[in-house]
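Enquirer: I'd like to ask some things about the structure below.
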Amino acid sequence: MTTTKNLRIDRIACTGRGLCGELLPELIGLDEWGYPVLKDRAVPDRLRAHTRRAVAACPRLALHADDADA
């Protein structure tokens, strides 16, 4: 059984560099200042590897992929 992941952004830590939106445009858009806007919190199985890379690449550690509540 696969655990569902949800994306979460720490808005206080985020400085709007926009790297997450470039690495994961399927789930993250950017506003006019470069801050992330989640298109969908649920991470589909096909995007799990891309999501892990985007989370790891965040320079401010503001992007998280947490286990969804059951």
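Enquirer: Compute the helix-to-body angle for 48-57: its Cα long axis versus the longest principal axis of the chain, expressed 0 to 90° and rounded to tens.
Expert: 40
Enquirer: Still on this structure, please answer the following. Pop a pseudo-label 7 angstrom from the Cα along the beta-carbon direction at both Arg60 and Asp10 and give the gap in nm to one decimal.
Expert: 1.1
Enquirer: Looking at region 1-34, which GluC sites (Glu not before Pro) are DSSP coil and have at most 15 other C-beta atoms within 10 Å of their C-beta?
Expert: Glu26, Glu32
Enquirer: Percent of accessible area on the chain owned by carbon and sulfur, 1.4 Å probe?
Expert: 52
Enquirer: Provide the descending list of Cα extents for region 1-56 along its principal axes, expressed in whole angstroms.
Expert: 39, 19, 19
Enquirer: Taking only protein heavy atoms into account and a 1.4 Å probe, give the accessible area per residue of the chain in Å².
Expert: 68
The values are calculated or read from the model by the stated rules, or taken from the named source; none is laboratory data. The model shown is predicted, which means the values in this text are computed figures rather than measured ones. Positions of Cβ are backbone-derived with ideal geometry, glycine not excepted, and every protein chain shown enters the neighbour counts. With ligands, DNA and RNA removed, areas are computed over all heavy atoms of the protein, side chains included. Shrake-Rupley method; radii C 1.70, N 1.55, O 1.52, S 1.80 Å.
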